[in-house]
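Asker: Below is one structure. I have some questions about it.
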Amino acid sequence: MIMAIDMGNTNIVIGCIDNEKTYFVERLSTDPSKTELEYAIGFKTVLELYNIDVTQIEGAIISSVVPQLVNIIRRAVEKIIGHRPYVVGPGLKTGLNILMDNPRQVGSDLIVDAVAAVKEYGAPVIIIDVGTATTVSVVDKNRSYIGGMILPGVRVSVDSLVSRTSQLPRIGLEAPKKCIGKNTIDCMKSGVIFGNAACLDGLIDRIEDELGYPARAVATGGLARVLIPHCRKKITLDDELLLKGLKILYDKNTESSKN
């Protein structure tokens, strides 16, 4: 069993996974003001909630889009499990051919998602990660990561809309009963949910046009379940995609270090 951690701008996703199953997936808040000890206590509490004995954990791997917290999280994990975790980034073997202008600038979470999607679903594949930002990554039929797009996240869009208008209220992220809203709140919900779903449908069409062939679409991320059911395209939901990718990378690099 390994401990897999994905540190995003809003949440830190933590899980334990082995070759048989994922034991749990939980989220903690990303907080730059927290100390190494505070993060260690948070991780230890989650493990205890799921009755995971730290002696069962053979190692760990971290993916992060918050560079200033990487070393703090790394030390917190090492304090709990006694093993120095891998960190996704330069020097870590991914097995993915990244055809970007600057491969080092590609977010580690995007690489991890792509590695898992290719192994689980094959190529070509379009990976949608719905979080603080909504990201779309494309792996072509040659199993090469060729790029994608970044959109404002659902919650970010709503918060921006509300903060910049005097008469629009804060809303939940539930879909309204009808697309054509009859009141302000339903109009906002329709725009946010159906508008973002239609955006993803349209992007998939444009990606496939540019590729010249169809591609399977897979979605993950904290808000994927809010949007994807309202898309008209067939998109597979996989909440554990990133943890699966981290396990794949952990195994690849552990095997490599033994040879």
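Asker: Only one of 237, 241 is under 28 Å from residue 25 (Cα atoms) and open to solvent by less than 20 Å² (accessible area, probe 1.4 Å); which?
Answerer: Values: 237 fails: open to solvent by less than 20 Å² (accessible area, probe 1.4 Å).
One residue alone meets the criteria, 241.
Asker: Give just the number: which of (1) within 19 Å of the chain's Cα centre (by Cα); (2) among the charged types (D, E, K, R); (3) surrounded by 15 or more Cβ atoms within 10 Å (Cβ to Cβ) does residue 225 not satisfy?
Answerer: Status for residue 225: all satisfied but (3).
Asker: Return the residues of segment 145-175 that are surrounded by fewer than 17 Cβ atoms within 10 Å (Cβ to Cβ), of a type in the set (Val, Ile, Thr) and touching a strand residue (DSSP E or B) at 6+ places or on another chain (Cβ under 9 Å); say none if nothing qualifies.
Answerer: 150, 156
Okay, residues lined up against (1) at pLDDT below 95; (2) in a helix (DSSP H, G or I); (3) of a type outside the set (D, E, K, R):
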residue	(1), (2), (3)
60	no, no, yes
68	yes, yes, yes
94	yes, no, yes
128	no, no, yes
148	no, no, yes
151	yes, no, yes
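Residue by residue, here is whether (1) open to solvent by 10 Å² or more (accessible area, probe 1.4 Å); (2) aliphatic (A, V, I, L, M); (3) under 19 Å from residue 8 (Cα atoms) holds:
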| site | (1), (2), (3) |
| --- | --- |
| 76 | no, yes, yes |
| 119 | yes, no, no |
| 127 | no, yes, yes |
| 133 | yes, yes, yes |
| 143 | yes, no, no |
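Asker: Ok, one more. Scan segment 142-160 and tell me whether some residue there is polar (S, T, N, Q) and either free of Cβ contacts under 8 Å to residues at least 12 places away in the same chain or over 29 Å from residue 116 (Cβ atoms) (or both). Spell out the reasoning first.
Answerer: Looking only at segment 142-160, we keep the residues that are polar (S, T, N, Q), and these are 142, 144, 157, 160.
Okay, now just the ones that are also either free of Cβ contacts under 8 Å to residues at least 12 places away in the same chain or over 29 Å from residue 116 (Cβ atoms) (or both), so 160.
Checking segment 142-160: at least one residue is polar (S, T, N, Q) and either free of Cβ contacts under 8 Å to residues at least 12 places away in the same chain or over 29 Å from residue 116 (Cβ atoms) (or both).
Asker: When only residues in segment 153-191 that are of a type in the set (Ser, Thr, Tyr) and in a loop (DSSP other than H, G, I, E, B) count, which is nearest to residue 210 (Cα to Cα)?
Answerer: Here is the first cut: in segment 153-191, the ones of a type in the set (Ser, Thr, Tyr) are 157, 160, 163, 165-166, 184, 190.
Still in the running and in a loop (DSSP other than H, G, I, E, B): 165-166.
On the way: 165: 37, 166: 41 Å.
My answer is 165.
The values are calculated or read from the model by the stated rules, or taken from the named source; none is laboratory data. Being a predicted model, the structure only gives us computed values, none of them experimental. A quick note on method: Cβ atoms are made from the backbone with ideal geometry, for glycine too, and the neighbour counts reach across all protein chains shown. With ligands, DNA and RNA removed, areas are computed over all heavy atoms of the protein, side chains included. Shrake-Rupley method; radii C 1.70, N 1.55, O 1.52, S 1.80 Å.
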